[in-house]
Amino acid sequence: MSFTVAIDGPAAAGKGTISKAVAVHFGFAHLDTGLLYRAVGAKVLAGADPVAAARALDPADLDGDALRTAEVAQAASRVATDPAVRDALTAFQRGFAARPGGAVLDGRDIGTVICPGAQVKLFVTASAACRAERRWKELQAQGSDMTLETVLADVQARDARDAGRATAPLAAAADAVLIDTSDMSIADAVARTIAVIAAAQ
Ligand code: C5P
């Protein structure tokens, strides 16, 4: 039987770090579903049609630091508003979730649309100011000269687009456990998530 953990939340709330740690702890496979939208966004920036790019997506396209740029993130959130793009990416995500041995998927609509029957659903969030500051520090460590104000504006633009779109908007499932990481260390957030999953097993 499959065991699926759905972790949703806005950009830079810590869900990626939490998902990776939880996958290692329980020996689950992990899919960062944002990478699917980023890979499509990157292809669109290179001139491809969004729906054709989503249909032709190959797991090999999901590798690489090139998908981690602010420009690709914005392109991803634009292609993610297209229902046909989302549709083309659904089967891959559901197939991943059904792997024997357990899977963690993190994204925006995993608990609401992709895996509404997931055994565990979490919604990881934090204030926009906290998330922008974390992202800004990461970017600085990578040598970026983006200002905190620009990063905050980017985070807010993506939040508005992700929560405001008609298809599969960013939202907590009614049965999701909420974790606000604004005033929490990553270690505490991981421990809390592990406790929630262990209680559901
Ligand atoms: O999580 P990440 O920042 O990599 O996601 C990039 C963009 O992809 C998000 O801003 C969102 O618009 C989109 N996305 C989505 N549904 C998901 C995962 C990501 O719409 N499950």
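The values are calculated or read from the model by the stated rules, or taken from the named source; none is laboratory data. A quick note: this is a predicted structure, and the numbers were derived from the prediction, not measured. In this analysis, Cβ positions are derived from the backbone assuming ideal geometry, glycine residues included, and neighbour counts consider all displayed protein chains. SASA here: full protein model, heavy atoms, side chains in, ligands and nucleic acids out. Shrake-Rupley method; radii C 1.70, N 1.55, O 1.52, S 1.80 Å.
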Expressed in nanometres to one decimal, the distance between label points 7 Å along Cα→Cβ at E149 and K137 is 2.3 nm
Log entry: pair-distance distribution for the chain, C-alpha pairs binned every 10 Å from zero, whole % per bin is 9, 36, 38, 15, 1
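Please compute the per residue accessible area over the stretch 4-198 with all protein chains in place, 1.4 Å probe, rounded to a whole number of Å². Mind showing how you got there, number by number?
Working: 8740 Å² over 195 residues.
Normalised by residue count, the accessible surface of the stretch 4-198 is 45 Å².
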Enumerate the residues in the stretch 1-40 having an amide nitrogen under 18 Å from the point lying 7 Å beyond the Cα of D159 toward its Cβ. 8-16
Mind ordering 46-58, 135-147, 98-110 by average Cβ neighbours within 10 Å, highest first? 98-110, 46-58, 135-147
Carbon and sulfur together cover what percent of the accessible area of the chain at a 1.4 Å probe radius? 56 percent
Which FRET efficiency value, to the nearest 0.05, is calculated for S185 and M1 with the Förster distance at 41 angstrom and r the Cβ-Cβ distance? 0.75
Which FRET efficiency value, to the nearest 0.05, is calculated for A60 and F26 with the Förster distance at 25 angstrom and r the Cβ-Cβ distance? 0.40
Which residue, A198, G47, A76, has the largest displacement toward the positive end of the dipole of the chain when charges sit on each Cβ (Lys, Arg +1; Asp, Glu -1)? A198
Hey, got the dipole for the chain? About the Cα centre, +1 on K and R Cβ, -1 on D and E Cβ, debye to the nearest 20? 340 debye
